[in-house]
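The next block holds one structure in the form of structure tokens; read it before the comments.
Every number in this text was worked out from the coordinates using simple rules, so none of it is lab data. Quick caveat, the model's predicted, so the values are computed rather than measured. Neighbour counts run over all protein chains shown; Cβ positions are idealised from the backbone, glycine included.
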Amino acid sequence: MIAKKALGLPLKGLRFAIKSGDTLVKTASTQVTRFKTRFDEKKSANALDEQPVAKRNYAKASEQADLSAQEQSIDMREFEFTKAPINWIPATILVATPIAAAIITPWYLFTHEVSAPVWGVFGAFMVWTGISITAGYHRLMAHRAYKAHPIVRNFFILGSTLAVQGSAFDWVSGHRTHHRHVDDRLDDPYSAQRGFWFSHIGWMLRNYPSGKFDYKNIPDLTKDRVLQIQHKYYGLWVVAMNVGMVAAIGWLLGDVWGTLVIAGLLRLVLTHHFTFFINSFCHMFGTRPYTDTNSARDNFFLAIFTWGEGYHNYHHFFQYDYRNGVKWWQYDPTKWLIAGLSKLGLTSELRTVDDTTIKHAEVQMQFKKAQQQIDTAAVSGIDLPHAMKSFQDRIKFEYDAFTQTVEEWQALKAKTIELKKTEFADRLHEVDDKLKHDYAKIEQKILEHNSNLKTAFRSIGANEKAA
């Protein structure tokens, strides 16, 4: 018994120790679990904190990679421009004909007498080729601003061939691309952003990437049988008309060489460069009364030489209008011809932009220019008189009122078109009269504002000099 008790004590101690050990192990295990849980939670929290940073870093790296790829792509396309091969046929014609005209024409005029009929043919061909490009290739085919009888259409096709500016497929495709990507250095075929020389003639001397024709943008023309034949046999048509026809007329007049030099060579060079002026001068010199979102400008002087095409700012903003000159005093013989032919039933569906939309664009530009003057003065640190600031607020009020009237007019016009009811038409007429009054009012305010602003600048300049 004593031995059993004596033996039991160590056993109890051992069991106690084992039990205590289990408790300690469990406690330690619990502590470890808690510690691990806290560690995992902290790790997860850190991971969550780091995740947005990682995402931002990844997004930034991706953006930089995209920009780098774009820059490399742009650089590659710019490189293609520098390595563009010479476009031999156009380059030869465009370089040789002006040189030949500059040498042969003066010599011929000094050594031969040119008859009045020859000069008459020269004038007739200048009109025919110029109008055919503007009314035919440009406003009829490129912009579909009106429809023409086949007789008129084919007359313009022949005149445009005599002008030697490419087939209708090539001319119209390139022009539509120009309007779609105007001023884009890489995609505009004759972008003014590459300088005067490039936009005037340089773009035709080499096979630049931007000059590749995409006939997918002229589906309305590619099915035309006459244009298909013209495009396929364009070289033969050009020679037949510019050499064969001109020489034949000269033979009838008794002066073959004089007709070839004056009505052929000289006329060709002048027609070329009058047209080219639209792509170069009209994107660099003139006013922008309708929009400043592109480089196109209105130029009255160039309108004289380009049969009304000089109002280029208007054209780029309202390209589907058959008119380029919309003011009563603007010289646009192409518009007059198209309108006149419509009276004879030879043209139809003449597309125009309503006066309200045109005036709205003008007012927006006038207000924008006036605001830019104010902003320029503020940035320059010029302290404008309080009266000028008050005047600016008045102009803003008038402009907002005008805009509201335009919106009302457009809504009523839409209802008139939809319902064709007399009361809406009468109401539209009333609002139209109000609109004209509001337009004149805000235009006068802006003109007055500009005058006062110039006066303020002059007085500020005088004060600075006196100081």
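Ranked by how many other Cβ atoms sit within 10 Å of their own Cβ, fewest first, the residues VAL152, VAL243 fall in the order VAL243, VAL152. As a rough footprinting exposure proxy, the listed residues HIS437, HIS360, HIS181 were ranked by other beta carbons within 10 Å of their own, and the order from fewest upward is HIS437, HIS181, HIS360. Given their separation in residues at 0.36 nm each and the Cα-Cα distance between them, SER348 and ILE151 gain 69.6 nm when the chain is fully extended. Cross-link check: pairs LYS212/LYS232; LYS83/LYS232; LYS232/LYS335; LYS147/LYS216 evaluated at a Cα-Cα cut-off of 19 Å; pairs beyond the cut-off: LYS83/LYS232; LYS232/LYS335; LYS147/LYS216. In terms of the mean number of neighbouring beta-carbon atoms within 10 Å, the peptides 264-273, 100-109 order highest first as 264-273, 100-109. Taking packing as the residue-averaged number of other Cβ atoms within 10 angstrom, the listed peptides 208-218, 86-96, 292-302 run from highest to lowest as 292-302, 208-218, 86-96.
For the pair ILE103/MET76, report the inter-label distance in nm, with labels modelled 7 Å from Cα in the Cβ direction. About 4.4 nm separates the two model spin labels. Diffusion coefficient of the stretch 113-194 by Stokes-Einstein, Kirkwood radius over Cα pairs, 10 °C, 1.306 mPa s: 113 µm²/s. A straight line joining the Cα centroids of the stretch 227-247 and the stretch 160-217 runs 22 Å.
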